[in-house]
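Colleague: Okay, handing you the structure first.
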Ligand SMILES: [Mg+2]
């Protein structure tokens, strides 16, 4: 990572599957995109996603996506643009393999947020969250429907940011 990309803002990243992309059968979701976009972008966003991402950015955080899925960065970018969200950066499975795993023989964890100077990563998987302690990044585990998820994540981010200063 080059120094030039370091803005000094604290970085927060979100996993996609089961975190920002959820099933309307188990979670409250944002409305579908209008036809025919809903035929191309089938994922449903957790209710409040655009509001939370925009709030965090307005509060001076950089917000990234860090997913181990292989959806293209262009697809992810476009889908969220239709919801009025512009991420500061996106790491997908392909980018992780290219920039983090590279040609190393040991298999690294599926995500290493600290390699991208991410201070807080939100994920549904216990394995990703528990590795934070070992590899040195903070996590917030989110899975089930939670009406207060936005407030809780903001609180966690603020707590980490105030400790960094
Ligand atoms: Mg996930």
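Quick note: the coordinates plus some simple rules give every number you see, no bench work behind them. Source: prediction; values computed, not measured. All Cβ positions, glycine included, derive from the backbone under ideal geometry; neighbour counts span all protein chains shown.
Colleague: Need the full-extension length gain, residue 108 to residue 162, defined as separation in residues times 0.36 nm minus the C-alpha distance. One decimal, nm. Working shown, then result.
Modeller: Details: separation 54, 0.36 × 54 = 19.44 nm, distance 3.00 nm.
Here the answer is 16.4 nm.
Colleague: Taking 0.36 nm per intervening residue step and subtracting the Cα-Cα distance, what contour gain separates residue 77 from residue 126 on full extension? Write out the running numbers ahead of the final one.
Modeller: Numbers: separation 49, 0.36 × 49 = 17.64 nm, distance 2.64 nm.
Gain on stretching residue 77 to residue 126: 15.0 nm.
Colleague: Turning to a different aspect of this structure: Starting from 0.36 nm per residue, how many nanometres of slack lie between residue 115 and residue 26 once their C-alpha separation is accounted for? Intermediate values should be presented prior to the final figure.
Modeller: Working: separation 89, 0.36 × 89 = 32.04 nm, distance 3.29 nm.
Length difference between fully extended and current span is 28.8 nm.
Colleague: Now, a different point. Measure off 7 Å from each Cα along the Cα-to-Cβ vector at residue 17 and residue 37, then give the distance between these two points in nanometres to one decimal.
Modeller: 2.5 nm
Colleague: Looking at the chain as a GNM with Cα springs under 10 Å, which of 151, 43, 25 has the largest mean-square fluctuation?
Modeller: Taking springs between Cα atoms under 10 Å, the residue moving most is 25.
Colleague: At 222 nm, what helix-only mean residue ellipticity would the chain give, in deg cm²/dmol to the nearest 500, using -39500 (n - 2.57) for each DSSP H run of four or more?
Modeller: Numbers: 6 runs with 53 residues, N = 165.
Estimated from H runs of four or more residues: -9000 deg cm²/dmol.
Colleague: What's the long-distance tail for region 10-164, i.e. % of Cα pairs beyond 29 Å?
Modeller: Values: 1689 of 11935 pairs.
Cα-Cα pairs in region 10-164 separated by more than 29 Å: 14 percent.
Colleague: Please report the antiparallel percentage of DSSP beta bridges with both residues in region 1-97, rounded to the nearest 5. List each step's numbers first, then the result.
Modeller: Values: 2 of 10 bridges.
Given both bridge residues lie in region 1-97, the antiparallel proportion sits at roughly 20 percent.
Colleague: How many nm is it between the label spots at residue 101 and residue 154, if each spot is 7 Å from the Cα in line with the beta carbon?
Modeller: Label at residue 101, label at residue 154, 3.7 nm between them.
Colleague: Share of antiparallel DSSP beta bridges in the chain, in percent to the nearest 5? Before the final figure, lay out each step's value.
Modeller: Values: 2 of 18 bridges.
Restricted to the chain, the bridges split so that about 10 percent are antiparallel.
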